[in-house]
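Q: Could you have a look at this structure, given as structure tokens, before my questions?
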Amino acid sequence: MSAESLMPGTAGVNGGVLLVSMAEIAELAQVKRPVVSTWRRRYADFPAPAAQNAGHPLFDGQQVVEWLIATGLGNTHPGQLRAEIVLHGIAAQADRTDPLRTVETLGALLCLRHLDERPLADEATVSTPEEARAALLLRAERMDPEDEFVLRELRTAGADAAPLARLAEAIVEAAYGEQGAHEWLLASRSRLSLPALTADALTAELQSLLVDLTDLRGRLDRQGSVTLADPHARAGDLLVAQIREADVPDAITAMAADPDERLARIVRRRLLLAGIDEFSLDVQVGQVLEESFADPDLIVTQLPFQSGEDRSVLAALEGIERVADLLGPGCTALVLGPADALVDALPGTAESQLRSALLRSKVVEAVVALPGGVLPYRPGYRAALWVLTRGQVSTAEGNVLLADISAEPLTEVVRMRLAEDILLWRAEGFRALDGHDPRYGRAVRVAELDHAFGGPLTPPGPPASQLLALAVRERPALIAEAEGRLERVARTGRSHDDEYGPYQGGVVRRTGPRPRRTTLGALIAAGRVTKIKGHRLDQRHLTGGGQGGHHSVLGSEEVTGRSAVGTRRIDRLVLATAYEHVALTEPGDLVYTLTPELGVLIDHDGFSVAAFPTRVLRVNPDAEHPLTPRVLAALLGAARGTGRSPSAVRPARCIEDYELPDLDREDVERFNVLLAEIERRERLLCTQANALAEARRLTTAGLADGTLTFGDNQPLPPRSLPD
């Protein structure tokens, strides 16, 4: 059970006793609430209530935990029970006072215990809170005379010092050490309502990706020691994740900076407890990391968050420029920032000039568009990653590796493959014959990106390994095999009609250059496709079940196939009076949606209403290089990056950024004929399938209720059918 699953006690800490309600006991034991009532009735030794709150009994939390451990009841491991009750006490204490001050004081107590190498038991058990606080301050003044880690927090703790010292001892016992206790405490930050510590937290998957990309263990093996830095440390999550993975903190020098002094002190204590020697760490208070302490070998940082309304693309790029200035020879930096500055097309000249200058500076190793939701507390924030290295291998100079995983979840497989792509690119660069083909990126010339000047930093096409995959090379043979199976099934079922003939698509493997890539936005700008907004409709004006109404309503449910077309309709008089500027679809319009996923529907009949969030794409048949609705719908459905990671609240990119092949006129015409033929055959097969399903349903119902039997003169169905 996570630390966040248990809410603070109703009465909190009363006279040194932690009180819990019956609902909280159920959460502690991971059972339903009525189970606790059953335990009270069935077991005479169940702890008696220690207090009342609005007529509801409250129990001594420690007694309840000991009873659960002794009886073995519930579904929580005994060790986890002891940890949960301690965290419950911390939550109760934080709820009674200031949560951030509670965490700071507990961190200072754990740090004091670490510095003095002596438990806090003596000070925690003295007769009065004033004596306990005085004893703790005496130790702090002796161990931290310059107030680097603990003295300030203990001076402001006041009467809370004694109960917090007891909680600190309890959490150390549960976590088997000061470091584990402090990390455990910070892991429960969302439960303690600490937005300053939670807002910039990353998912565990993204932290693991950053650990893989730094290759800290490999650097330690090669260099013996490493200086690790974070110029925007916040709570220090990125630094601690790297140190924990390296497992040799005595070989690491840590540098960090943050403008918030309270956060800087938390980071300083956190690094000390993580095993960094106090003479090997430098946590500064300020906007800029000063390098006077040491030259960094690795930089892992996240640019300060700005809301979308106030975000400055230029400021984000200037933040990357400042990180690039910190790079010494052989230094690598990982910089997380907003995708609209790091990978999207840029809106202005100044921003485009700065990003082009950064790309030309020969330090940009890779650019990665990340999935949505990698910052759990900011689900609408789209993030991207820049990997910078000073002194790239010669085979990588003039190139940058562009990767895009924004449309898929950051699973372990995706993480490992992407890390392998970037690490091999860092080690080998571009090797035309025997090099590693990236699975999630393409190596692109910086000169091409500079020529685009502000264009998006996304791969220009699928990875080469995907284009050369065995499945791609065998496509013509697989299509021919499917055509043969279709013809055999038609002959076997005696449904073959000379009007249709055998299905033959006539596709062969392309040997010449592939078609140039374009985007839907470019097609719209060229006048080949027109984008039309959908309409916001009042649900009270719609009729359900296909009853009444003159115009079909096409919303996300209809476009994605979750609901049949025509299920919702609207009366034309209501449409004319309540929606003055509504526009009906025309025959052949494409109605699409990106919510909750990409869906494309061709409205062959037209005269429907596209309901927001659906929109309409209308192909211009008079364009110089026209498309057809069927071809455009098929190409949009096959575009890369149209998915959405599970935790993202919006699509990875807008539909105008979808990349499509710009097929020549002959390919468009033949592809359109082929798609029309496939649709005609699908309708025939659907009609047959529906008729067979109806016959099966009625026959089964009649035989089941005894109203049908088989006639003596009726031919029997075949005993078996060929595969």
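The values are calculated or read from the model by the stated rules, or taken from the named source; none is laboratory data. Just so it is clear, the model here is predicted, and its values are computed rather than measured. Every residue, glycine among them, receives a Cβ derived from its backbone with ideal geometry; neighbour counts consider all protein chains shown. Calculation scope for accessible area: heavy atoms of the full protein, side chains included, ligands and nucleic acids excluded. Shrake-Rupley method; radii C 1.70, N 1.55, O 1.52, S 1.80 Å.
Q: Given a 1.4 Å probe and heavy atoms of the protein chains only, how would you sort Thr543, Thr687, Thr214, largest accessible area at the top?
A: Thr687, Thr543, Thr214
Q: Does the range 278-407 classify as rounded, prolate or oblate by the C-alpha gyration tensor (a ≥ b ≥ c root eigenvalues; a/c under 1.5 gives rounded; else a/b over b/c gives prolate, otherwise oblate)?
A: Taking the square roots of the gyration eigenvalues as a ≥ b ≥ c, the range 278-407 is oblate.
Q: Taking a cut-off of 14 Å between Cα atoms, list the aspartates and glutamates near Lys32, but don't count ones fewer than 8 places away on the same chain.
A: Cross-link targets: Glu24.
Q: Measuring from centroid to centroid over Cα atoms, what is the spacing of the range 377-435 and the range 37-83 in Å?
A: Comparing the Cα centres of the range 377-435 and the range 37-83, I get a distance of 52 Å.
Q: Using a 7 Å offset from Cα along Cα-Cβ at His581, what residues in the range 518-538 end up with backbone N under 14 Å from the label point?
A: 532-536
Q: If you don't mind, there's one more thing I want to ask. Would you tell me the accessible area of Arg155, worked out with a 1.4 angstrom probe on the heavy atoms of the protein chains, in Å² to the nearest 10?
A: 120 Å²
Q: Tell me what the chain gives for mean residue ellipticity at 222 nm when only DSSP H runs of n ≥ 4 count, each as -39,500 (n - 2.57), the sum divided by the residue total, rounded to 500 deg cm²/dmol.
A: -13000 deg cm²/dmol
Q: Taking a probe of 1.4 angstrom, what is the accessible area of His56 in Å², to the nearest 10?
A: 120 Å²
Q: Residue separation times 0.36 nm, minus the C-alpha to C-alpha distance between Asn620 and Ile678: what's the value?
A: 18.5 nm
Q: Under a plain spin-label model, where a point goes 7 Å from the Cα along Cα-to-Cβ, how far apart in nm are Arg445 and Asp310?
A: Placing both labels 7 Å beyond Cα along the Cβ direction yields 4.3 nm.
Q: With just the Cα atoms defining each centre, how far is the range 100-176 from the range 512-549? Give it in Å.
A: Here the two parts' Cα centres lie 63 Å apart.
Q: Which shape class, rounded, prolate or oblate, goes with the range 15-68 when its Cα gyration tensor gives a ≥ b ≥ c as root eigenvalues, a/c under 1.5 marks rounded, and past that a/b bigger than b/c marks prolate?
A: Rounded is the answer for the range 15-68, as its axis ratio a/c remains below 1.5.
Q: Please name whichever of His77, Ala339, Thr585 sits farthest to the positive end of the charge dipole of the chain, dipole taken about the Cα centre and charges placed at Cβ: Lys and Arg +1, Asp and Glu -1.
A: Looking along the dipole axis, the top candidate is Thr585.
Q: Let me cross-check Asp310: its accessible surface, 1.4 Å probe, with only protein heavy atoms counted, in Å² to the nearest 10?
A: 110 Å²
Q: Using the crude model of +1 on Lys and Arg Cβ and -1 on Asp and Glu Cβ, and no other charge, please compute the dipole size for the chain relative to its Cα centre, in debye to 20.
A: 2220 debye
Q: Of Glu624, Glu428, which has the most accessible area with a 1.4 Å probe, and how do the rest follow in descending order?
A: The most accessible residue leads, giving Glu624, Glu428.
Q: Only one of the values (i) 57, 39, 25; (ii) 38, 31, 24; (iii) 56, 50, 25 was calculated from this structure for semi-axes √(5λ) of the Cα gyration tensor in Å; name its label.
A: Recomputing semi-axes √(5λ) of the Cα gyration tensor in Å here gives the entry labelled (i).
Q: Roughly how many nanometres apart are two label points built 7 Å out from the Cα toward the Cβ at His550 and Glu408?
A: Reported label-point gap for His550 and Glu408 is 4.9 nm.
Q: Starting from the residue with the highest accessible area, list Cys331, Cys654 in decreasing order, probe 1.4 Å.
A: Largest accessible area first, the list is Cys654, Cys331.
Q: Near the amide H of His535, under 5 Å away, which other amide H atoms are found, from residues 5 or more places off or on another chain, if H is placed in the peptide plane?
A: Amide H neighbours of His535, under 5 Å, 5+ apart: Ala610, Ala611, Phe612.
Q: Select from His182, Trp67, Ala161 the residue farthest towards the positive end of the dipole of the chain; place +1 on Cβ of Lys and Arg, -1 on Cβ of Asp and Glu, and compute about the Cα centre.
A: With unit charges placed on the Cβ atoms, the residue in question is Trp67.
Q: Taking 0.36 nm per intervening residue step and subtracting the Cα-Cα distance, what contour gain separates Lys362 from Tyr377 on full extension?
A: 2.0 nm
Q: How would you classify the range 104-201 from its alpha-carbon gyration tensor, with a ≥ b ≥ c the square roots of the eigenvalues: rounded for a/c under 1.5, else prolate if a/b is greater than b/c, otherwise oblate?
A: prolate
Q: Evaluate E = 1/(1 + (r/R0)^6) for Ala199 and Thr128, where r is the Cβ-Cβ distance and R0 equals 60 Å; express this FRET efficiency to the nearest 0.05.
A: It comes to 0.95.
Q: Taking only protein heavy atoms into account and a 1.4 Å probe, give the accessible area per residue of the chain in Å².
A: For the chain, the solvent-accessible area averages 50 Å² per residue.
Q: Roughly how many percent of the accessible protein surface of the chain is carbon and sulfur, given a 1.4 Å probe and a whole-percent answer?
A: So the carbon and sulfur contribution to the accessible surface is 52 percent.
Q: Another question, then. For Gln52 and Leu138, FRET efficiency with R0 = 41 Å and r from the beta-carbon atoms, rounded to 0.05?
A: Once rounded, the FRET efficiency stands at 0.50.
Q: At 0.36 nm per residue, and after removing the present C-alpha to C-alpha distance, how many nm does the segment from Glu183 to Glu321 gain when stretched out fully?
A: 46.5 nm
Q: Could you tell me the relative contact order of the range 592-657? Use alpha-carbon pairs under 8 Å, at least six residues apart, and round to a whole percent.
A: Once normalised by length, the contact order is 34 percent.
Q: Here is a further query. Calculated FRET efficiency, Arg217 and Thr395, Cβ-Cβ r, R0 22 Å, to nearest 0.05?
A: Calculated transfer efficiency: 0.35.
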